[in-house]
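Encoded as C-alpha cells, the structure appears first; notes follow it.
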Amino acid sequence: MAGEPQTDCLFCKIASGDIPATIVRESDTTVAFRDINPQAPTHVLVIPKVHYPDAASLAAAEPQIAADVLREAGAVATDEKVDGTGYRIILNTGSGAGQTVFHAHAHVLGGRGLQWPPG
C-alpha cells in the first residue's frame, strides 16, 4: 500500500535504520543522507520516511510531507554552506529521467558550478 514501508526498498531500509547511511539531518517525516556516488562536493539525498515511488505521487497523496522534503532540502543547503553560492534541488521521476531508486527523493547538489541545462 502506498505510504507504507516496502521491504524491498533501499530507501525505506535507510529510513528505518536497517541499512546504514551517513545521515546529516532527520525530522519526524524525512531523512537526509550523503549520496554514495556524489556528483558534486555537496550531494545529499532528502527522502520522506513514507514510501511513494516518486515526487509526484508523494505530492498528490501527502502534500505536507512533500513540502517537508523541500524545506529539509533548503536546510541541508544551509547546513552544508552552499545556500549563499547556489545549489540545485533535483527530483527525478522515472528511469528515463535518471531515477534509479523508486522511493521519492530530492537530490541537493552544490559546491561547484552547476551549468544549465543539465546533461
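The values are calculated or read from the model by the stated rules, or taken from the named source; none is laboratory data. This is a predicted model, so every value here is computed, not measured. Neighbour counts are summed over all protein chains in view; Cβ atoms, including those assigned to glycine, are modelled from backbone coordinates with ideal geometry. Only protein heavy atoms, including side chains, enter the accessible area calculation; ligands, DNA and RNA are left aside. Shrake-Rupley method; radii C 1.70, N 1.55, O 1.52, S 1.80 Å.
Accessible area per residue of region 13-119 at 1.4 Å probe, in Å²? Could the numbers behind the result be given before it?
Values: 5670 Å² over 107 residues.
Solvent-accessible surface per residue comes out at 53 Å².
Gain in length, Ala60 to Ile89, computed as 0.36 nm per residue apart minus the alpha-carbon separation, to one decimal in nm?
Working: separation 29, 0.36 × 29 = 10.44 nm, distance 1.91 nm.
Result for the pair: 8.5 nm of gain on full extension.
Could you grab the Rg to Rh ratio for region 69-119? Cα atoms only, Kirkwood for Rh.
My calculation of the ratio gives 0.99.
Consider a paramagnetic label point 7 Å from the Cα of Asp18 along Cα→Cβ; state which residues of region 35-53 have an amide N under 19 Å from it.
47-53
Relative to the longest principal axis of the C-alpha atoms of the chain, give the angle of the C-alpha long axis of helix 63-79, reported between 0 and 90° and rounded to the nearest 10°.
It is inclined by approximately 40 degrees.
Using Cα pairs under 8 angstrom and six or more residues apart, how large is the relative contact order of region 60-106, in percent?
Details: 20 pairs, mean separation 15.9, N = 47.
Here the relative contact order equals 34 percent.
Determine the shape class of region 41-106: with a ≥ b ≥ c the square roots of the Cα gyration tensor eigenvalues, call it rounded for a/c under 1.5, and otherwise prolate if a/b is greater than b/c, oblate otherwise.
Numbers: a/c = 2.45, a/b = 1.48, b/c = 1.66.
Note, shape of region 41-106 comes out oblate.
Counting only protein heavy atoms, what percent of the accessible surface of the chain is carbon or sulfur at a 1.4 Å probe?
Numbers: 3590 of 6530 Å².
Of the solvent-accessible surface of the chain, carbon and sulfur hold 55 percent.
In a shell of Cβ-Cβ distance under 10 Å around Pro48, excluding Pro48 itself, what net charge do Lys and Arg (+1) and Asp and Glu (-1) give? Spell out each step's value before the answer.
Working: positive: Lys49; negative: Glu62, Asp68, Glu72.
Result for the neighbourhood of Pro48: -2.
Could you give the radius of gyration (one decimal) and Dmax (whole number) of the Cα atoms in the chain, in Å?
Here Rg and the maximum Cα pair distance are 13.5, 41 Å.
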